[in-house]
Amino acid sequence: MTFRGAIQLGKHVACDAFDQTRRLRIVTHAHADHMTGLSQSLKECEKVLATPATKDLIDVMKGPLYLMGGNVETLDYYKTTRFMGDQITFLKADHILGAAQVLVTDAEGQRTAYTGDFRIDETPVVEADTLVIEATYGSPACKRNFGADIRELLVSTVEKGLKQGTVYMFGYHGKLQEVMEILHLAGIKVPFIASERIFHISKICEKHGMRLGRILLSAEDQAKELLDKNGPCVAFCHMNAKGTMGFGSYRVTVSGWEFDKPLRETIDNDHIVALSDHSDFDGLLEYVRRSKPKQIITDNHRTGHAETLAKEIHKQLGIPAMALPKR
Ligand SMILES: [Zn+2]
């Protein structure tokens, strides 16, 4: 793991940040903190590798010309490719559309794996000699033992809001589309309204098999009228717009940073639902327990509790663990 946040696997692979010593760059998923230095990788690496869905999402987020600046290839889940002496396999990660775990076996047969971001629920566990694991909720304080069905809670919260009119839904790319799918599959029939960017990302999700329901562009007349009249619809907004949109209306935010209660109401009519696309502390430990690696590296570059997680893994499971890069 480098100071710029690149996860080095095998002899030639760097994941999720530019690394000048590595000729193959992998993007595990289309979140900004995993696309670090991608422009430089496109210019300088021999190849950039991602799942087909991640590639499509980057095209929408960065513009269709962006990835043409380099040699980009796609690799499907559970398929293997070779690069020099390294053998590379992508495995599904339950996080956002296209998210992958990466397993690299080098010429000597050493297996190193990187989980990327993941939620333990639907993520297959990779067995490896060395495991690099994300550490977002890597502290024992980050446990979500609610015993409640968060998806059901989300649906009932939105249904309650719709009785008052428009529901403004705040979240990050990928998770907003997960919310659309949850609401659609639960039979919520009101239109969903989205900005151009969220709309395009949603269309990519549909192309790759998600079912999201009817989405209107916020610039369309029908959408404008619904929003003006506080009519029944769900307006999907990026978390960054929370300070500027939906004041006075019923607001719902989906966030992983909730550990006390599955649903919390704030004084300004915001309803925070604890829908996370990351494992909590117990989920991270569970992954390590099942992966049975000889050593662990916790990601200390991205937001989280890497040092605490490394200590807890060593204490509870007896596996050598280290947070990298050192701070
Ligand atoms: Zn992510």
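Points to keep in mind about this one:
- Hits in the stretch 273-327 (condition: part of a loop (DSSP other than H, G, I, E, B) and without any contact (Cβ under 8 Å) to a residue 12 or more places away in the chain): Gly318
- Test for Gly165: is it away from the ligand (no atom under 16 Å from the Cβ), over 20 Å from the mean Cα position of the chain (by Cα) and at pLDDT below 95: no
- If the condition is being hydrophobic (A, V, I, L, M, F, W, C), within 16 Å of the ligand (Cβ to nearest atom) and closer than 14 Å to Ile133 by Cβ, then the stretch 270-307 contributes Leu284, Ala306.
- Annotation for the stretch 13-28: no member residue is closer than 17 Å to Gly63 by Cα and away from the ligand (no atom under 16 Å from the Cβ).
- Residue pairs meeting the criteria (Cβ under 9 Å; at least 6 apart or on separate chains; first of a type in the set (Phe, Trp, Tyr), in the stretch 162-174; second in a loop (DSSP other than H, G, I, E, B) and within 12 Å of the ligand (Cβ to nearest atom)): Tyr172/His31; Tyr172/Ile96; Tyr172/Asp277
- Scanning the stretch 35-54 for residues that are under 14 Å from Leu97 (Cα atoms), within 16 Å of the ligand (Cβ to nearest atom) and part of a helix (DSSP H, G or I) yields Ala53, Thr54.
- Subset of the stretch 254-269 that is over 26 Å from Lys92 (Cα atoms) and either free of Cβ contacts under 8 Å to residues at least 40 places away in the same chain or not in a loop (DSSP other than H, G, I, E, B) (or both) - its residue that is farthest from the ligand (Cβ to nearest atom): Ile267
- Of the set (1) within 15 Å of the ligand (Cβ to nearest atom); (2) in a loop (DSSP other than H, G, I, E, B), all apply to Val132 but (2).
- Subset of the stretch 40-59 (residues that are surrounded by fewer than 18 Cβ atoms within 10 Å (Cβ to Cβ) and closer than 23 Å to His200 by Cα): Pro52
- Hey, Thr112 buried (at least 21 other Cβ atoms within 10 Å of the Cβ) and away from the ligand (no atom under 16 Å from the Cβ) or not: yes
- Meets criteria (closer than 30 Å to Met322 by Cα and assigned to a strand (DSSP E or B)) for Val126: no
- Here Asp121 fulfils each of the conditions (1) within 16 Å of the ligand (Cβ to nearest atom); (2) buried (at least 23 other Cβ atoms within 10 Å of the Cβ) apart from (2).
The values are calculated or read from the model by the stated rules, or taken from the named source; none is laboratory data. Being a predicted model, the structure only gives us computed values, none of them experimental. Cβ: placed from backbone, ideal geometry, glycine included. Neighbour counts: every protein chain shown.
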